[in-house]
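Quick note: the coordinates plus some simple rules give every number you see, no bench work behind them. Fair warning: this is a prediction, and the values are worked out from it, not measured in the lab. Neighbour counts are summed over all protein chains in view; Cβ atoms, including those assigned to glycine, are modelled from backbone coordinates with ideal geometry.
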Amino acid sequence: NRQLLKDSFMVELVEGTRKLRHVFLFTDLLLCAKLKKQIGGKNQQYDCKWYIPLTELTFQGPEEMEPLTIPQVPDEELDAIKVKISHLRSEIQREKRANKGSKVIDRLRKKLSEQESLLLLTSPSMPLRLFNKNGKSYSFLISSDYERSEWREIIREQQQKCVKTPSLTSMELQILTSSCLKLQTVHSIPLSLNKEEDESSGLYGFLNVIVHSASGLKQSLNLYCTLEVDSFGFFLNKAKTRVYRYTTEPKWNEEFEIELEGSQTLRLLCYEKSYNRTKLNKEDADSTDRIIGKGQILLDPQILQGKDWQRTVIPMNGIEVKLSMKFTSREFSLKRMPSEKPMGVFGVKISTVTKRERSKVPYIVRQCLEEIERRGMEEVGIYRVSGVATDIQALKTAFDTNNKDVSVMMSEMDVNAIAGTLKLYFRELPEPLFTDELYPNFAGGITLTDSVAKESCMLNLLLSLPEPNLVTFLFLLDHLKRVAEKESINKMSLHNLATVFGPTLLRPAEKDSKIPSNPTQPISMGDSWSLEVMAQ
């Protein structure tokens, strides 16, 4: 009466290298297998790597446990894989439309599957450690805290029900391992692409989420929430609320703007913040905060297509979290709107602002960078983590009305809101900092293969920018270099910063962006956008 409860592809860390595994949780044991290479027409087969009876399994390591060293793959490499995946998807779609023979498509699918496996192998970096009471330990890497806690919960729950079973003979183990083929529920690598290459699966654009409040807590706790969305089949943490101190009814009312790349699901995790440094959580030495609840909702294009905010509640074991969401598809989020207010700074030409201020670099840019240099250089995810939208709006109004107290306001605000205000300023310029006129040349220059030609082309283009644009860009670049020098603390490499600032500084104004004439199909153009955004 042994039954399969859960299975999935996972990355196991074996002596410092990442290995792709298929993990099966049965009612009495956890089995880690690897798919054997197929040789000439034979059916797929699994090879058992190890198994642990649930009665012998624990998440608690020995006291003097070595911390894990996780080999990190640079983001540049991960993005290069995503670019290849986007290219291959577009090619498969083109071949399908052209009704080409299945051989061509099969070859492309095989390439696609190789790139997907590579992405699955290299992305995750959150440890899940398992120990056998006989002293052996095993480590998996997972990309989302949500999934990690799902595995822990289902194992713990089952451990309370199961009885000690005799260990398997090698014959029984072989029979069990070969039965995995029939039993498996996850057949292919968990990328959305395997559901027939339909590019329109998922949303591309910006999702604004307001995390309002939580209710139903039995005791007062220090609480915060994080939001995860999927892109390329993986869930990543995209935003985090502030900690609401000691209450049963936290009211965060914080708004975040999350970029979606083919996303289908929004997940919410609620944590209790632990201020006790000594009580390090043995399960994963990185985090002492406890997950109180978690829940998810599907991002339904039909419901989110409207322009209005949608209110929703996520129930999780007794707690309810209230949210509002609003989605802007990528075509509509590309519009740069000139300002209505001639005297403001947002949405006003940079040359107009610098002339009026008699400065080389707009005051708003100098102020924001100064404040971030003062206290944001070691902030994890600076520029990537969203600031609270209401704070950003307040700063925007203060700069637009030339409020004398703006520096006092800034000193009291969360530094992510200041970073968000700076990004918003560049995003709302009526024309991008790199100008509409030069955008096609920059886009062409970056694709040159000869590195000397590329460098001289890009430098000449840079020097042909109008003076305020050039000086402002160099001022910003100087700052971003200093941010990247602290990458070991703030986790923001030059590449991460380029990902955040590329579209903000380069994306052309509406008349030049490839916006489809019929906005009734706003979602199916994911891949051409992805490629344009990657180039930026």
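Data overview
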| quantity | calculated |
| --- | --- |
| Protection proxy ranking of 119-126, 226-233 - average other beta-carbon atoms within 10 Å, highest first | 226-233, 119-126 |
| Three-way shape call for the stretch 125-266 based on the alpha-carbon gyration tensor, with the a/c threshold at 1.5 | oblate |
| Nitroxide proxy distance, nm - points 7 Å out along Cα→Cβ at V186 and N441 | 5.0 |
| Listed candidates (i) 49, 26, 19; (ii) 31, 30, 24; (iii) 44, 30, 22 - label of the one calculated as semi-axes √(5λ) of the Cα gyration tensor in Å | (iii) |
| The stretch 139-147 - phi-based ³J(HN,Hα) in whole Hz, Karplus 6.51/-1.76/1.60, Gly and Pro as x | 10, 10, 10, 10, 9, 9, 5, 4, 5 |
| Nearest-ten-degree value, helix 415-428 long axis tilted from longest Cα axis of the chain | 60 |
| The stretch 70-81 - phi-based ³J(HN,Hα) in whole Hz, Karplus 6.51/-1.76/1.60, Gly and Pro as x | 9, x, 8, 9, x, 4, 4, 5, 4, 5, 4, 5 |
| Ordering of 398-404, 387-393 by burial proxy (mean other Cβ atoms within 10 Å per residue, highest first) | 387-393, 398-404 |
| Loop-located GluC sites (Glu not before Pro) in the stretch 1-90, at most 11 other Cβ atoms within 10 Å (DSSP) | E15, E63, E64 |
| Formal net charge of residues neighbouring V186 (Cβ-Cβ distance under 10 Å; K, R +1; D, E -1) | 0 |
| Within the chain, helix-based [θ] at 222 nm, where runs of 4 or more DSSP H residues each add -39,500 (n - 2.57), nearest 500 | -12000 deg cm²/dmol |
| Label zone at E357 (point 7 Å along Cα-to-Cβ), backbone N below 19 Å, the stretch 457-496 | 466-480 |
| Protection-proxy order for peptides 304-310, 357-363, 238-244, 419-425, each taking the mean of Cβ atoms within 10 Å per residue, highest first | 419-425, 238-244, 357-363, 304-310 |
| Relative contact order of the stretch 214-269, pairs being alpha-carbon contacts under 8 Å that are 6 or more residues apart, as % | 44 |
| Sequence-separation-based contact order of the chain, relative, with Cα cut under 8 Å and 6+ spacing, percent | 13 |
| Rounded if a/c under 1.5, otherwise prolate or oblate - the stretch 364-436, Cα gyration tensor axes | oblate |
| Rounded tilt (10° steps) of 389-400 against the dominant C-alpha axis of the chain | 10 |
| Long-range amide H partners of L29 with built H, under 5 Å | L54 |
| Separation in nanometres of the label points that stand 7 Å from Cα toward Cβ, at S493 and D478 | 2.7 |
| Where only C-alpha atoms are counted, convex hull volume of the stretch 413-503 per residue in Å³ | 115 |
| Over the stretch 1-87: Rg over Rh, Cα atoms, Kirkwood Rh | 1.06 |
